[in-house]
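The values are calculated or read from the model by the stated rules, or taken from the named source; none is laboratory data. Note that this is a predicted model, so its numbers are computed, not measured. Here Cβ is always computed from backbone atoms with ideal geometry, including for glycine, and neighbour counts include all displayed protein chains. Note: accessible area is taken over every heavy atom of the protein model, side chains too, but ligands, DNA and RNA are not part of it. Shrake-Rupley method; radii C 1.70, N 1.55, O 1.52, S 1.80 Å.
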Amino acid sequence: ITQYLYLYQQFWYRPTLIQPTITFQKHFQAKHDDIVIASLPKAGTTWLKALAFATMKRHHFIPSQNDHPLLHSNPHTIVPYFETNIGDNPSVIPDLSTLPEPRMFGTHLPFPSLSNSIHNSNCKIIYICRNPFDTFISYWHFSNNIVPSPLPTLTLEEAFERYSEGIHPFGPFWSHVLGYWKASKDTPNKVLFLKYEDLKADINFELKRMAQFLDCPFSEGEESGGVIDSIIELCSFKKMKELEINKNGKALDGVENKYYFRKGETGDWVNYFSPWMTEKLSKIIKEKLSECSLSF
Ligand code: A3P
């Protein structure tokens, strides 16, 4: 976790992501059938991208077959990533208008900072949230792995102190989560709010809910024919982690895919938090999320 983050529109960003964010806000044109996968880093983005992709494309690619795109490319390379460092030169902004529809995009931007065209179009947003303890520990490991970074890294305790103050990439955690949570309550047809822990507990139920939300529910024939099970298997942690592309490939931003697959479990934080950390973060989260029914 590097020391340097900047506040932009009330959220914290790595310096290299501010210009691409502004560029995205200015230039991105949403289409009505776009699907936006939104999350804080380490909330389960990779898993959700794969599930959404496999669900939406199931009529083109049979999930159980060996030529499925997810077997050969990490969803990072299927889904163009808003936050690649594209600068503000319109000639280098990727032309996203020709991508096959429905287009899918991933973003870590907070809800209020999404482009107006996303807010104003009928495109759908699926948000995945993960408990703040595991999110922090997962990010801690990730950020220590994605070096080489010229910047000094923080100790676990230093990073935790900042996280507790809300200073974390795309944080504060609670503001990010609350933004999407409120939007999902106000506009349930536009924003679906998912929890990593719920997906781990009952992926079958959550996947059906997601397909319904995307207006492509699974038919009874698909369910009894094993399509849902095949998608779950294809996107499982075990399967994805073992793929060649995820062992040795790289994401668009140069980060090695293997760093997106660590343990894939809930509750690993207990191995890292000392009692004072648990007490402190629990108290903060309870306070900050008091206005909503979310609990972790
Ligand atoms: P851990 O570090 O706790 O293992 P993101 O995709 O948002 O970067 O999140 C990464 C986290 O999701 C990592 O958590 C990673 O192991 C976990 N993950 C990746 N793919 C997964 C999958 N198919 N099923 C469950 N968890 C997955």
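Overview of results
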{"item": "Residue in region 19-35 that is part of a helix (DSSP H, G or I) and either of a type in the set (S, T, Y) or within 16 Å of the ligand (Cβ to nearest atom) (or both) present", "result": "yes"}
{"item": "Residues within region 46-72 that are in contact (Cβ under 8 Å) with a residue 12 or more places away in the chain and either open to solvent by less than 10 Å² (accessible area, probe 1.4 Å) or farther than 19 Å from Y196 by Cβ (or both), tallied", "result": "18"}
{"item": "Residue within region 254-271 that is open to solvent by 90 Å² or more (accessible area, probe 1.4 Å), among the acidic types (D, E) and under 17 Å from M56 (Cα atoms) present", "result": "no"}
{"item": "Residue within region 102-118 that is of a type in the set (K, R), closer than 22 Å to P75 by Cα and at pLDDT below 95 present", "result": "yes"}
{"item": "Residues being outside any loop (DSSP other than H, G, I, E, B) and within 8 Å of the ligand (Cβ to nearest atom) - total across region 36-47", "result": "4"}
{"item": "Test result for N257, within 11 Å of the ligand (Cβ to nearest atom) and modelled with pLDDT under 95", "result": "yes"}
{"item": "Any helices (runs of 4 or more DSSP H) falling wholly within region 138-224 and containing at least 3 residues that are open to solvent by 10 Å² or more (accessible area, probe 1.4 Å) and closer than 30 Å to H59 by Cα", "result": "196-201, 203-213, 220-224"}
